[in-house]
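Novice: I have a structure here, written as structure tokens, and I will follow up with some questions on it.
The values are calculated or read from the model by the stated rules, or taken from the named source; none is laboratory data. If you're wondering where the values come from, they're calculated on a predicted model, not measured in any experiment. Because the Cβ atoms are built from the backbone with ideal geometry, glycine has one as well, and the counts that use them run over all protein chains shown. Ligands, DNA and RNA are stripped out before the accessible areas are found, and what is left, the full protein with its side chains, is counted by its heavy atoms. Shrake-Rupley method; radii C 1.70, N 1.55, O 1.52, S 1.80 Å.
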Amino acid sequence: MKLLFSTIIISSFLNCALADSFNFEHIGQSPRGSNVPTSRNVGYSITYTNKWTAQHHPFRYPSSDPHYSSFLWASHSSDYVMWENGGTATRGIENVAEIGSIGALRGEVQAEQNMGNVLDDVVGSMIGTAFDGATSISNEDLCVDASHPYASGLGMIAPSPDWFTGVYNLPLSDESTMTWFRKIEVYVYAWDAGTEEG
């Protein structure tokens with residue numbers, strides 16, 4: 001199978017409050033279309049760029065060691081929900097949000113792969129020091145196909161009781177033209193997993 005490669009660029013936009021119901025916001029001219037039909041499988045590289053700094057977001061900014069855990073990204077069908085606003089955190093989401101461990105979440109994702117709801121998953125590197133412009137880059141390209149046209153993923157924001165950032169159910173195709181987006185750029189927000197106080 002030959003994969004065509006595209007890009008998802010995700011930037012933090014962690015403002016003075018945790019997200020209430022807003023999943024993501026497209027940046028500028030995003031998404032950018034292509035002429036690649038959804039009948040062809042494609043792969044996306046994923047880059048998360050940090051904009052969470054004391055200068056940009058002074059409200060409740062930590063006094064020491066701001067960082068992110070590794071990120072886990074998955075391509076999936078509409079039958080799978082990794083996380084969503086108002087949803088109950090699974091053990092995997094709780095572990096990412098509280099301690100930055102992706103192991104349990106990866107197990108949940110692999111169980112969904114066995115049921116056909118998830119096609120692929122990739123890991124994004126941790127951000128050890130959250131300076132402006134620091135990046136997490138996926139270790140491989142995330143494969144998608146017509147039956148699995150959505151991406152979801154997250155990583156822990158630290159230090160925090162149970163905060164994370166990421167995106168859920170991000171559409172990677174234009175349903176009106178049945179083509180894959182070539183490039184998608186979105187702002188994402190901070191979320192409270194609701195598993196700890198604070």
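Novice: Could you check, for the stretch 50-64, whether at least one of its residues is closer than 21 Å to His148 by Cβ and not hydrophobic (A, V, I, L, M, F, W, C)?
Specialist: Checked the stretch 50-64: no residue is closer than 21 Å to His148 by Cβ and not hydrophobic (A, V, I, L, M, F, W, C).
Novice: Being in contact (Cβ under 8 Å) with a residue 40 or more places away in the chain and among the charged types (D, E, K, R) is the filter here, so list the residues in the stretch 92-109 that pass it.
Specialist: Glu94, Glu98
Novice: Check Asp65 against each of (1) more than 18 Å from Tyr189 (Cα to Cα); (2) out of contact with any helix residue (DSSP H, G or I) (no Cβ under 6 Å at 6 or more places or on another chain); (3) part of a helix (DSSP H, G or I) and name the one condition it does not meet.
Specialist: The one condition Asp65 does not meet is (3).
Novice: Would you mention how many residues in the stretch 162-191 are modelled with pLDDT under 90 and surrounded by fewer than 17 Cβ atoms within 10 Å (Cβ to Cβ)?
Specialist: Going through the stretch 162-191 one residue at a time, the tally reaches 1.
Novice: Give the stretch 136-149 a look and list any residue that's open to solvent by 50 Å² or more (accessible area, probe 1.4 Å) and more than 14 Å from Ser125 (Cα to Cα), or say none.
Specialist: Within the stretch 136-149, Ala146, Ser147 qualify.
Novice: In the set Ser75, Ser70, Ser101, Ser63, which member is buried (at least 20 other Cβ atoms within 10 Å of the Cβ), among the polar types (S, T, N, Q) and closer than 29 Å to Gly133 by Cβ?
Specialist: Ser75
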